[in-house]
Amino acid sequence: MKKVVLTAAIILGGLSTYATTEFSPNQTEGIDITVQEEYKEIKAETLPKAVKDALAKDFPSATLDKAYVKEVKQVEYKLEITVDGAAATVYADKDGNWIKKE
C-alpha cells in the first residue's frame, strides 16, 4: 500500500510541474499592411501636356521609358525615366505637379 501511495505522490508531483508552467503567446506590436497600387501602362503620347512640360523642364536630360496611370481616387501618373544612365521613377498629378512617394 505504501508503494501505491508513494507512486501516486510522485506521479502527481511530476504532473503538477507541467500544469504550473506559464504560456505566453508571442504578441506583435502591430501589423504592417502594404497595399499595391494599381497602375495601368499607357503610351507616352497620351500623357497630358502639363506632365510632359514638367518632365522636360525639371529633367531635361531624361528619357521616358514607360508611363502608367492610376485613376482610382485622383488621376496620378507614374513615369519610369532614365537620367544620365540611371533609372528612376517619378510621380506626377494631372497638372504636372510632382508627388513625393515614400
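Taking the condition more than 19 Å from LYS101 (Cα to Cα), surrounded by fewer than 10 Cβ atoms within 10 Å (Cβ to Cβ), modelled with pLDDT under 80 and under 27 Å from the mean Cα position of the chain (by Cα), does GLY14 pass? Here the answer is no, as GLY14 does not meet what is asked.
In the set VAL75, VAL90, which member is within 17 Å of ALA50 (Cα to Cα), in contact (Cβ under 8 Å) with a residue 24 or more places away in the chain and in contact with a Lys or Arg (Cβ under 9 Å, 6 or more places away or on another chain)? Exactly one residue qualifies, and that residue is VAL90. Scanning the stretch 75-97 for residues that are over 17 Å from GLU45 (Cβ atoms) and under 20 Å from the mean Cα position of the chain (by Cα) turns up GLU76, ALA88, THR89, VAL90, TYR91.
The values are calculated or read from the model by the stated rules, or taken from the named source; none is laboratory data. Note that the coordinates shown come from a computational prediction; the quantities given were computed from them, not determined experimentally. Glycine gets a Cβ as well: all are built from the backbone with ideal geometry, and neighbour counts include every protein chain shown.
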